[in-house]
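The values are calculated or read from the model by the stated rules, or taken from the named source; none is laboratory data. None of the values given here were measured: they were computed from a predicted structure. Virtual Cβ from ideal backbone geometry, glycine too; neighbours counted across all protein chains shown. Remember, those area values only see protein heavy atoms, side chains included, never the ligands or the DNA or RNA. Shrake-Rupley method; radii C 1.70, N 1.55, O 1.52, S 1.80 Å.
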Amino acid sequence: MARAAVSGGLKVRRTWRPAVVLERRRETPSASTLSLDVPGWTGHLAGQHVDIRLTAPDGYQAARSYSLAAPEDGDRIEITVQAVPDGEVSTYLVGDAQSGDSVEVRGPVGGWFVWRPESSGPVLLVAGGSGVVPLMAMIRSRDRVSHAPFRLIYSVREPKDRIYDHELRRRAAEDGGLDVTFVYTRAAPDGETRPVGRISLDDLVSHSWPAEVEPTCYVCGPTGFVEAVADLLIFMGHDPTKIKTERFGPSGP
Ligand SMILES: Cc1cc2nc3c(=O)[nH]c(=O)nc-3n(C[C@H](O)[C@H](O)[C@H](O)COP(=O)(O)OP(=O)(O)OC[C@H]3O[C@@H](n4cnc5c(N)ncnc54)[C@H](O)[C@@H]3O)c2cc1C
């Protein structure tokens, strides 16, 4: 039986379980979503992550953390992986994993960086690169059960790097409770008036909630991005206890 611990009131699975790749689909030239079948999966909350372990034919093993990209759906979970240049695990998952491949999964992990479907308060989501993955799980979960107003500010290098591009645009067009703003750091699409550059105070003031609205803020991405955005939110007057952060630094043993 799997060992379980409690983190933030949630059960966290500590043992490895066998899983099978059901499907891999491209999201961008450098990112893919993988659906996995994990027999006996007991559910998760948006914002939690799993550890994925790969074993080579010679017994060599490598494990990395990946956020859950979609709400719970029986034994099926989804992750979205952005390839890191020369990355051991991410390049395999993005480009080589095939349906039927065996992997191992540990989790769900995490009890703080989660959004609970019963929440109704306003939510600000700020993503850098693949940091959009757990925030997308929150957007998809909200769609099922809650009318909490959400605003997403999503920073990418250039248009081709927008993960979930079509789905985000469709959801924002169909749902008055969801605002989506893209911020480009290196190259912007035709017609974009904002100069390219890192996310700034102006971006947050223009597209997030004012501090008086007291949103819960979720910030996810590379460490430098997360720290810069959290500092800006505090400068804007947001309550630090309502700013939840997840840093996508290197993971593994
Ligand atoms: C809680 C958590 C959740 C995560 N969720 C996701 C997710 O949903 N999607 C996703 O794509 N990634 C996610 N990551 C990052 C992921 O765990 C791996 O670190 C990443 O895929 C690189 O692994 P690798 O084996 O390919 O690279 P490695 O072989 O471990 O490293 C190759 C080189 O890249 C550098 N590097 C490693 N990781 C990163 C990184 N994240 N950013 C920049 N440089 C890096 C290393 O220092 C090294 O120089 C998450 C990390 C954490 C801690």
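Within region 207-241, being assigned to a helix (DSSP H, G or I) and farther than 25 Å from residue 81 by Cβ holds for 207, 211, 212, 213, 231, 232, 233, 234, 235, 240, 241. The number of residues in region 221-253 that are within 16 Å of the chain's Cα centre (by Cα) and at pLDDT below 95 comes to 4.
For (1) surrounded by 23 or more Cβ atoms within 10 Å (Cβ to Cβ); (2) not hydrophobic (A, V, I, L, M, F, W, C), each residue gets a yes or a no:
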| residue | (1), (2) |
| --- | --- |
| 129 | no, yes |
| 134 | yes, yes |
| 146 | no, yes |
| 157 | no, yes |
| 176 | no, yes |
| 187 | no, no |
| 194 | no, yes |
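With respect to residue 125, is the statement that it is among the aliphatic types (A, V, I, L, M), closer than 20 Å to residue 69 by Cβ and buried (at least 23 other Cβ atoms within 10 Å of the Cβ) true? Criteria met by residue 125. Is region 98-109 home to any residue that is open to solvent by less than 10 Å² (accessible area, probe 1.4 Å), over 21 Å from residue 142 (Cβ atoms) and near the ligand (Cβ under 9 Å from one of its atoms)? Within region 98-109, not a single residue is open to solvent by less than 10 Å² (accessible area, probe 1.4 Å), over 21 Å from residue 142 (Cβ atoms) and near the ligand (Cβ under 9 Å from one of its atoms).
Residues that are of a type in the set (D, E, K, R), within 7 Å of the ligand (Cβ to nearest atom), touching a residue at least 24 places away in the same chain (Cβ under 8 Å) and touching a helix residue (DSSP H, G or I) at 6+ places or on another chain (Cβ under 9 Å) do not occur anywhere in region 71-84. Of the candidates 173, 127, the single residue that is within 15 Å of the ligand (Cβ to nearest atom) and modelled with pLDDT of 95 or more is 127.
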